[in-house]
Amino acid sequence: MVGQTYTDKAAYVEYLVGDAPLVLVAPHGGALTPATLPDRTCSACVTVADANTQELTRAVADTFFARTGKRPHIVINRLHRRKFDANRDVTEATGGNRGLDTTWLWMHAAIDSARSRVVRSGTRGLLIDMHGHGHDVPRLELGYLLSAATLRQDNATLVASGAMARTSIAQLATSSRSTADRGVALLRGPNSLGALLVARGVPAVPSPTDPAPLVGEEYFNGGYNTERHGSLDGAALDAIQIEHHFTGVRDNATTRGVYARSLVQALLAYLALHYGWPGT
Ligand SMILES: [Zn+2]
């Protein structure tokens with residue numbers, strides 16, 4: 001039922017059912033550290049949480065609802081990343097603790113359920129995977145599964161190599177309602193998500209004014225969730241990973257509120273331009 005929250009049996013992951021073609025996922029903002037769960041100790045495992053991204057995701061969903069009367073679907077991992085990483089394959093996510101396999105399966109089934117609801121509403125939709133980074137440059141890093149080196153190529157080279165077909169917005173690149181914005185324009189053209197954010201005062205890469213990370217700059221280009229749930233394989237959701245810097249966007253409730261309004265404005269413009277939502 002729309003507006004209702006469901007959880008897995010242990011209440012480690014929650015799914016709030018929405019009625020907009022937007023799915024917000026917060027995989028690294030959990031705080032629960034039950035003593036009954038072992039810490040993940042796999043050698044390459046990252047265990048640092050993305051501070052305040054759960055709170056930020058809730059603020060964005062609330063702002064979206066206040067603006068439109070429609071709710072995004074939200075999927076939130078309540079467990080601390082030390083216990084469960086909700087943006088990895090099952091083995092790395094659980095650190096090999098088979099007791100969490102059902103939690104992992106439940107979370108991805110929740111996203112699949114959100115996608116089915118979007119499809120039944122008669123449209124395609126957008127998934128945003130909400131993260132936080134600690135890199136030197138204070139800007140949003142928008143991840144479409146293309147590396148920084150690939151983004152540094154000029155548009156003609158990206159077109160010639162068919163790069164958009166390898167992105168998590170591959171389907172949108174051929175189906176945007178705004179035909180002039182199809183293809184590489186979705187990365188850093190005038191109606192790309194980066195452009196819509198920069199126009200609202202939020203720095204972002206890629207965008208028209210910051211088309212690619214420079215050599216030597218750190219950049220996250222997406223992850224397990226964007227790859228699995230985006231439209232790389234032709235599915236009905238496109239996916240974009242947003243890695244947030246800290247100060248001014250997620251450091252306290254005031255900045256989260258201000259940034260949430262900017263992000264919602266940008267997302268509403270994006271949904272209208274590219275998906276024709278909510279339509280007339
Ligand atoms: Zn993260």
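The values are calculated or read from the model by the stated rules, or taken from the named source; none is laboratory data. If you're wondering where the values come from, they're calculated on a predicted model, not measured in any experiment. Cβ atoms come from the backbone with ideal geometry, glycine included; neighbour counts cover every protein chain shown. For accessibility, only protein heavy atoms count, side chains too; no ligands or nucleic acids. Shrake-Rupley method; radii C 1.70, N 1.55, O 1.52, S 1.80 Å.
Pick from H108, H73, H131: which is surrounded by 15 or more Cβ atoms within 10 Å (Cβ to Cβ) and in contact with a Leu (Cβ under 9 Å, 6 or more places away or on another chain)?
Checking each option against the conditions leaves just H73.
Out of (1) of a type in the set (A, V, I, L, M, F, W, C); (2) touching a residue at least 60 places away in the same chain (Cβ under 8 Å); (3) farther than 18 Å from R177 by Cα, what's the single condition that is false for V258?
Exception for V258: condition (2).
Being in a loop (DSSP other than H, G, I, E, B), more than 27 Å from A66 (Cβ to Cβ) and not aromatic (F, W, Y) narrows it down to one of A235, A180, A173, so name that one.
Of A235, A180, A173, the one residue that is in a loop (DSSP other than H, G, I, E, B), more than 27 Å from A66 (Cβ to Cβ) and not aromatic (F, W, Y) is A235.
Scan (1) more than 16 Å from the ligand (Cβ to nearest atom); (2) open to solvent by less than 60 Å² (accessible area, probe 1.4 Å); (3) under 19 Å from the mean Cα position of the chain (by Cα) for the single condition A163 breaks and write down its number.
Checking A163 against (1) more than 16 Å from the ligand (Cβ to nearest atom); (2) open to solvent by less than 60 Å² (accessible area, probe 1.4 Å); (3) under 19 Å from the mean Cα position of the chain (by Cα), the one that fails is (3).
Hey, among the residues in the range 198-229 that are open to solvent by less than 80 Å² (accessible area, probe 1.4 Å), of a type in the set (S, T, Y) and closer than 23 Å to A269 by Cα, which one's nearest to the ligand (Cβ to nearest atom)?
T226
Just the residues that are over 17 Å from the mean Cα position of the chain (by Cα) and of a type in the set (S, T, N, Q), please, taken from the range 181-197.
If the condition is that a residue be over 17 Å from the mean Cα position of the chain (by Cα) and of a type in the set (S, T, N, Q), then N191 is the only one that fits.
Which residue, of T103, T68, T47, is among the hydroxyl-bearing types (S, T, Y) and within 29 Å of A272 (Cβ to Cβ)?
The match here is T68.
Could you pull out the residue among D39, D62, D19 that is more than 16 Å from the ligand (Cβ to nearest atom), in contact (Cβ under 8 Å) with a residue 24 or more places away in the chain, more than 20 Å from M130 (Cα to Cα) and open to solvent by 30 Å² or more (accessible area, probe 1.4 Å)?
D39
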